[in-house]
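Working notes for the structure below.
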Amino acid sequence: MESRIDEFREFVKKYPLIKEDVKNNKRTWQSFYEDWVLLGENDGIWDIYKSNKISNDLGSKKLDELLTTSNIKNIVEYVKKINPDSISKTLNTIQKVLQITQSFGSKPSPGLYNANYNSWWD
């Protein structure tokens, strides 16, 4: 036998936007529960959440339409056209630019040039 709390949980599962209102501090769980107990599930107060539930269902249908096989094939074809060598060259160029930029910020150590000069003549 289900308790009233379990019935309320099932009600909230039908209308997930109720959770969003609680998360956004618009209302508390207590106020939702009291309205549900006093007014019932079929009261007009829940129409906001019912209409939003329908629009969410439509949103998921749009997602399903976007994930058709023809769209997925187009994405795969686009990925196949990407040249890994050009990506590698671009990343190497960016790395060199970053190294040059970093070298401007660092101070040369005084012994560095002398050490190179001495190792050349050794």
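The values are calculated or read from the model by the stated rules, or taken from the named source; none is laboratory data. Everything numeric in this text was worked out from a predicted model, so none of it was measured. No Cβ is skipped: glycine too gets one built from the backbone with ideal geometry, and neighbour counts run over all protein chains shown.
The residue pairs whose first member lies in the stretch 73-101 and is at negative phi, whose second member is of a type outside the set (A, V, I, L, M), and whose beta carbons are closer than 6 Å, counting only pairs six or more residues apart or on different chains, do not exist in this structure.
Counted as qualifying within the stretch 1-96 are the helices (runs of 4 or more DSSP H) with 1 or more residues that are modelled with pLDDT under 85, namely 47-66, 69-80.
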